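A short worksheet on the structure shown next.
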Amino acid sequence: MTAADEPATIAWGGTRATVDPIGATLTGLWLGDESILAGPGRVAPALGHHGAVLTPWPNRLADGRYEFAGRAYQLPINDPAYGHALHGLAFDQLWALERRSTSSVSFGHTVGGVDGYPFLVRVTVTYTVTATGLHCDAAWVNIGDRIAPFGIGFHPYFRPGPSPLTDWILKLTAPSYLETDPLSALPTRWRLVDNSGLDFREGRALGPDRFSVAYAVAPTEDAGDVTLSDPAGLTLTIRTSPAFRWVQVFSGDLPSKHLTRTGVGIEPQTCPPNAFVTGTDLIVLQPDEYGSGTWSVDGAPSD
């Protein structure tokens, strides 16, 4: 068995994945000889949070400040470019190894117990590889004695093949998204994708466009499906359960010249950016209340 503080490798048939206990971070995923995750192959949040678990909130929280149940809270600022609290409290913490088999691994972590988030939520993430990809189960339970605000997201960057990112074809059926203020990187208003330049419902090449957008996913069967295809490689299908009502799509424009536009961030999220402030799809957990959600990725040769 892998030591609790060492990365775990899981495999099934020709599929293989690596998971680091720091942040329960998905650091690698291969279908046969093809690597379908972009990134540094290690835990490196400053380079783009590749493969990270984002909890108890995903994305940005404005100025790190929020109010909940009549009290005001201040979180540390870890997004100096914009002055916000970014991606939660767990991505750089050591998670506990809970279970492991040849094809599956589970890590758990209690989030909270700090001044800006005094609540206590136990989060468990399980990665399981299959013949065609990977399945991720997330579960959370409020183990504290007070109601707790909560959200969770995941930050994989997918790479479907060897062609330039501009040639990859993205398809997602979401009809609306949150417009973002470029000065604050925070959402400002709902918009329909029609005539927006961000409409991928019919599937089209990404081209040179640069964006990071939270799309609202209808809570119906298959509504959360996203496909990313390389005509010279694979078609990846990312599916989410109804708990993940948002998908953040990021064109992968990162400061590192070695990592920029090498993968597309397709990020399942239970709530959109700044949900602790706006309340949009924020999960409010009663003591002992439990929740769960799943996402998966499967790959097949492009037609």
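The numbers here are math on the coordinates, done by the rules we state, and not lab data. As the structure is a prediction and not an experimental result, all values here were calculated from the model. Virtual Cβ from ideal backbone geometry, glycine too; neighbours counted across all protein chains shown.
Sequentially through segment 130-135, phi angles give Karplus couplings (6.51, -1.76, 1.60; θ = phi - 60°) of 10, 5, 10, x, 9, 10 Hz, Gly and Pro residues having no value and appearing as x. Computed from label points 7 Å out along Cα-Cβ, the spacing between Arg210 and Asp281 is 2.6 nm.
When the chain is treated as a GNM with alpha-carbon contacts under 10 Å, the residue of Arg16, Arg245, Arg210 showing the greatest mean-square fluctuation is Arg210. Taking Glu289, Glu179, Glu202 in turn, the Gaussian network model of the chain (Cα-Cα springs below 10 Å) assigns the largest fluctuation to Glu202.
Just subtract the alpha-carbon distance of Thr188 and Asp33 from 0.36 nm times their residue separation and send over the number in nm, one decimal. Please report the intermediate quantities before stating the final value.
On the way: separation 155, 0.36 × 155 = 55.80 nm, distance 4.24 nm.
Working it through step by step, the gained length comes to 51.6 nm.
What number in nm² do you get for the chain if you take the convex hull of its Cα atoms and divide its surface by four? Write down the numbers at each step before the final one.
On the way: hull surface 59.1 nm².
Quarter of the Cα hull surface area: 14.8 nm².
From its DSSP helices (H runs of at least four residues, each -39,500 (n - 2.57)), the chain gives a residue-normalised ellipticity at 222 nm of 0 deg cm²/dmol.
Extending 7 Å from the Cα toward the beta-carbon at both Asn78 and Asp253 defines two label points whose distance is 2.5 nm. Here segment 14-91 has an Rg and Dmax of 15.6, 53 Å, counting Cα atoms alone.
Note on Asp167 and Ser103: the extension gain reaches 19.8 nm, defined as 0.36 nm multiplied by sequence separation minus the Cα-Cα distance. In this structure the amide hydrogen of Gly144, modeled in the peptide plane, comes within under 5 Å of the amide hydrogens of Leu120, Asp288, none closer than 5 places in sequence on its chain.
Taking the Cα centre of segment 95-158 as origin, sum charge times position over the Cβ atoms of Lys and Arg (+1) and Asp and Glu (-1), and report the length of that vector in debye to the nearest 20.
Working: 4 positive and 4 negative charges, 26 e Å.
That gives segment 95-158 a dipole magnitude of about 120 debye.
Applying 1/(1 + (r/R0)^6) with R0 = 22 Å to the Cβ-Cβ distance of Asp5 and Ile143, what FRET efficiency is obtained, to the nearest 0.05? E(calc), rounded to 0.05, equals 0.45. What separates the Cα centres of segment 19-68 and segment 268-290 is a distance of 19 Å.
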